[in-house]
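Participant: Below is a structure I'd like to ask you about.
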Amino acid sequence: MRSKITMPTPTKRWLHIVGGALGFMGVAFVAVRLGSYAHVINFTRFNPISILLIVLLTLIYGAGNILLAQAWWCLLSFLDKKIAKNRAIKIYGISQLAKYVPGNIFHLAGRQAMGMAAGVTAEILLKSTLWELTLITLAGALFSLLVLPLLWPAVSIFAAITIFAVLVIGCVRAMNHFLSHLLGTAMILQIIFLAISGFIFISVILIINPQAISPAMFITLCGAYVVAWLGGLITPGAPAGAGIREMILLFLLDGGVAQVDLLLAVVLGRMITVLGDLLFFTITFKYFNGEATWTERL
């Protein structure tokens, strides 16, 4: 059992300030990003139903972020740090918006500061970040199997889905057996989030042009989006993967989706994810109680 570390109150206060400041810095960059999107997207082309669907997708993406926050809480628990789930979600939600600050590391710095203020050691926080990046990179890499039919038409969609499912189940079972069920749970939560993100992108394409893609392409498009997302994640310096995702999507979907529809879908999808992240930030900042007891379990 790890001994409880007592941190001086002034130090905790300054760590809260630093972590919160990085989060609110992200708000400023989000505002700039949204302003640039507003100039690109012609909203008059969308009817009221399309606008309603865009709002719904934003809400779904914002709510989906809680899956990543719960995955991080699982990793902290795996590392033997008992912290309130509500507090972990609050820290994750407030710090996460700083990923839009150029550098692509400030959300991690903010989480480190706020986590230390909450009594988590710097070592455990660093380990949790490394585990998080490792698991979500593995999860994203598994989605690349769904892209195989795009690159090699000889591979059927059914075969790609089967291989994907077998490897996901195998990875999760191996983690549960050899390491901890908490790692397996964290990876499942991350995979669900990535799948939601992929199908949001598909929905955006269909909103723009219902005839742009056929149902047979849904799975491969989901995989392509996640692969593009992963490319943005692992690219140093790209704020929230800006530019990298778009480049990968244009490469993978060249010829599969009309470029004019794809480019608009990329921009509109970006706007939805930015607004969803802002919504998650607002909800965690305002409504999540950081003082809940650690006995709240999944």
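Participant: Given the criteria among the basic types (Lys, Arg), in contact with a helix residue (DSSP H, G or I) (Cβ under 6 Å, 6 or more places away or on another chain) and assigned to a helix (DSSP H, G or I), does Arg245 qualify?
Facilitator: yes
Participant: Continuing with the same structure: Test of understanding: among Leu182, Leu250, which residue is in a helix (DSSP H, G or I), touching a residue at least 12 places away in the same chain (Cβ under 8 Å) and closer than 30 Å to Phe46 by Cα?
Facilitator: Testing whether each residue is in a helix (DSSP H, G or I), touching a residue at least 12 places away in the same chain (Cβ under 8 Å) and closer than 30 Å to Phe46 by Cα leaves just Leu250.
Participant: Here's a follow-up. Considering each residue of the stretch 152-166, count those that are in a loop (DSSP other than H, G, I, E, B) and either at pLDDT 95 or above or in contact with a helix residue (DSSP H, G or I) (Cβ under 8 Å, 6 or more places away or on another chain) (or both), and give that number.
Facilitator: Looking only at that region, the number is 2.
Participant: Filter the stretch 263-273 down to the residues that are among the β-branched types (Val, Ile, Thr) and modelled with pLDDT under 85 and list them by number.
Facilitator: Result: Val266, Val267.
Participant: Taking Ile83, is it closer than 21 Å to Gly184 by Cα and buried (at least 19 other Cβ atoms within 10 Å of the Cβ)?
Facilitator: For Ile83, the condition - closer than 21 Å to Gly184 by Cα and buried (at least 19 other Cβ atoms within 10 Å of the Cβ) - is met.
Participant: Identify the single condition in (1) without any contact (Cβ under 8 Å) to a residue 12 or more places away in the chain; (2) within 20 Å of Ala71 (Cβ to Cβ) that Met114 does not satisfy, given that it satisfies every other one.
Facilitator: (1)
Participant: Output the helices (runs of 4 or more DSSP H) that fall wholly within the stretch 106-151 and possess 2 or more residues being out of contact with any Leu (no Cβ under 9 Å at 6 or more places or on another chain) and crowded, with 19+ Cβ neighbours inside 10 Å, or say none.
Facilitator: 148-151
Participant: Looking only at the stretch 274-298, count every residue that is surrounded by fewer than 16 Cβ atoms within 10 Å (Cβ to Cβ) and modelled with pLDDT of 75 or more and tell me the total.
Facilitator: So the answer is 2.
Participant: I would also like to ask the following. Somewhere in the stretch 169-192, is a residue loosely packed, with under 14 Cβ neighbours inside 10 Å and of a type in the set (Val, Ile, Thr)?
Facilitator: yes
Participant: Considering the stretch 253-268 alone, what residues qualify as being in a helix (DSSP H, G or I), buried (at least 18 other Cβ atoms within 10 Å of the Cβ) and free of Cβ contacts under 8 Å to residues at least 60 places away in the same chain? Talk me through it step by step, then tell me what you get.
Facilitator: Here is the first cut: in the stretch 253-268, the ones in a helix (DSSP H, G or I) are 259-268.
If we keep only those that are buried (at least 18 other Cβ atoms within 10 Å of the Cβ) as well, we get 261-262, 264-266, 268.
Hits for the stretch 253-268 are Asp261, Leu262, Val266.
Participant: Is it the case, given these coordinates, that Ile66 is part of a helix (DSSP H, G or I), β-branched (Val, Ile, Thr) and closer than 15 Å to Leu194 by Cα?
Facilitator: In short, yes.
Participant: Still on this structure, please answer the following. Among the listed residues Val147, Val166, identify the single one that is of a type outside the set (Ser, Thr, Tyr), touching a Gly at 6+ places or on another chain (Cβ under 9 Å) and within 23 Å of Ser197 (Cα to Cα).
Facilitator: So the residue among Val147, Val166 that is of a type outside the set (Ser, Thr, Tyr), touching a Gly at 6+ places or on another chain (Cβ under 9 Å) and within 23 Å of Ser197 (Cα to Cα) is Val147.
The values are calculated or read from the model by the stated rules, or taken from the named source; none is laboratory data. A quick note: this is a predicted structure, and the numbers were derived from the prediction, not measured. Note: ideal-geometry Cβ built from the backbone for every residue, glycine included; neighbour counts use all protein chains shown.
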